[in-house]
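**Student:** Okay, here's the structure, questions in a sec.
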Amino acid sequence: MALVMIGFLIGPIIMITIVSFWGATEYSIYPAFEFDNYEFLFGSSVTYTVFFNTFKYALITWALTLLIGFTVAYFLAFEVRSLKWQIALFLLCTIPFWTSNIIRMISWIPFLGRNGLANSTLISWGVIDEPLEWLLFSDFSVILAFVHLYTLFMVVPIFNSMMRIDGSLIEAARDNGANGLQTLRHVIIPLCKPGIMIGTIFVTTLVMGDFITVRFMSGSQRANVGRLISNDISLLQYPSASATAVVLLCTVLIVIALLLRLVDIRKEL
């Protein structure tokens, strides 16, 4: 296992880090040890804008997936009494994962487009007089696709945590006069913290590293760090792409380290 980790995880990261210090011209890449790529990266205002967009997408997506994921997990764990129905409804949540991510993203385009189903329905109902332009190729469509793609990564760990909660604890809270909201706040949520944290790590890291979703759903009008790396690679600027990847990796590791200090997820593993 150590050899697998070194060969397929640590080794590539070391190689990317080394290449991030190399130099590049319009026609070639040459081995060197210079900080030009990092100086250009941190000296450009575009970098800070792109990182801000990345954090914005991650934060909004996290909040929405947490709200939806916690609600779905709560319903499956405490409202559905039959184990068979729990399994059936849980499998129903996984149906979108039976198709490609790109297909799921593309399916939103005819729905949200100017002449799509959403605008046509709103116009026919008299809610709007003209099509809404911001439904597609905007931050709204990007976040909608993120939530659609990654909500299950929040549902699964939270549902797993809820299924481990001893029912006698909830009964004891009710016997002591706690209402539903108090039971949720003082019993269920604290016991679900490891699951919430695992889901948070999954969603945050996936969103921060994603670039296909931003490209398709924004119509190439928005950018995040993943798009920045993808553009450099398409231009064969591997040292610059490597430097950006190293900065993104460090950022994600810092975020994960801060999250792990809040909750001990070893209880869930």
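**Student:** Could you pull out the longest piece of the chain with no exposed loop trypsin sites (Lys or Arg not before Pro) in it, calling a site exposed if DSSP puts it outside H, G, I, E, B and it has at most 15 other Cβ atoms within 10 Å? Could the numbers behind the result be given before it?
**Tutor:** Details: sites that count: Arg81, Arg114, Arg164.
It works out to 165-269.
**Student:** For the stretch 1-94, what is the relative contact order in percent, using Cα pairs closer than 8 Å and at least 6 residues apart in sequence?
**Tutor:** 11
**Student:** Quick one: Karplus J couplings for the stretch 11-20, per residue in order, coefficients 6.51, -1.76, 1.60, θ = phi - 60°, nearest Hz, x for Gly and Pro?
**Tutor:** x, x, 5, 5, 5, 5, 4, 5, 5, 5
**Student:** Report, in degrees rounded to the nearest 10, the 0 to 90 angle that the Cα long axis of helix 139-150 makes with the longest principal axis of the chain.
**Tutor:** 60
**Student:** Another question, if that's okay. In debye to the nearest 20, how big a dipole does the chain give about its Cα centre with +1 on each Lys and Arg Cβ and -1 on each Asp and Glu Cβ?
**Tutor:** 740
**Student:** Pop out the carbon and sulfur fraction of the accessible area of the stretch 93-182 as a percent, whole number, probe 1.4 Å.
**Tutor:** Percent of accessible area from carbon and sulfur atoms in the stretch 93-182: 63.
**Student:** Quick check for you: with a 1.4 Å probe and neighbouring chains kept, what is the accessible area per residue of the chain, in Å²?
**Tutor:** 59
**Student:** In whole Hz, what ³J(HN,Hα) sequence does the stretch 52-66 give by Karplus (6.51, -1.76, 1.60; θ = phi - 60°), x for Gly and Pro?
**Tutor:** These are the phi-based 3J(HN,Hα) values: 4, 4, 4, 5, 4, 4, 5, 5, 5, 4, 4, 4, 6, 5, 5 Hz.
**Student:** Put one equal scatterer on each alpha carbon of the chain, apply the Debye formula with no solvent term, and list log10 I(q)/I(0) at q = 0.07, 0.09, 0.15 1/Å to two decimals.
**Tutor:** For the requested q values the scattering log ratios are -0.35, -0.57, -1.19.
**Student:** Which ³J(HN,Hα) values in Hz, rounded to whole numbers, follow from the phi angles of the stretch 154-159 under the Karplus curve 6.51 cos²θ - 1.76 cosθ + 1.60, where θ = phi - 60° and Gly and Pro get x?
**Tutor:** Once rounded to whole Hz, the list reads 8, 5, 4, x, 5, 4.
**Student:** At a 1.4 Å probe radius, which order do Ser124, Ser218 fall into by accessible area, largest first?
**Tutor:** Ser124, Ser218
**Student:** Considering only C-alpha atoms, what is the centroid distance from the stretch 195-230 to the stretch 90-122, in Å?
**Tutor:** Computed from Cα coordinates, the inter-centre distance equals 18 Å.
**Student:** Treating the angle as unsigned and between 0 and 90°, give the value, to the nearest 10°, between the Cα long axis of helix 225-234 and the longest Cα principal axis of the chain.
**Tutor:** 40
**Student:** Run the simple label-point estimate for Val127 and Ala2 please: 7 Å along Cα→C-beta, distance reported in nm.
**Tutor:** Distance between label points: 6.0 nm.
**Student:** Then there is this: Roughly how tilted is helix 83-93, in degrees to the nearest 10 and between 0 and 90, from the longest Cα axis of the chain?
**Tutor:** It is inclined by approximately 30 degrees.
**Student:** Right, here's the next one. Based on Cα positions only, what radius of gyration and what Dmax would you give for the stretch 129-269, in angstroms?
**Tutor:** My reading of the Cα-based Rg and Dmax gives 20.3, 66 Å.
The values are calculated or read from the model by the stated rules, or taken from the named source; none is laboratory data. The structure presented is a predicted model; accordingly, all values stated were derived computationally and were not measured. Note that each Cβ is placed from the backbone with ideal geometry, even for glycine, and that neighbours are counted across all protein chains shown. What goes into the accessible areas is simple: the full protein's heavy atoms, side chains included, and nothing from ligands, DNA or RNA. Shrake-Rupley method; radii C 1.70, N 1.55, O 1.52, S 1.80 Å.
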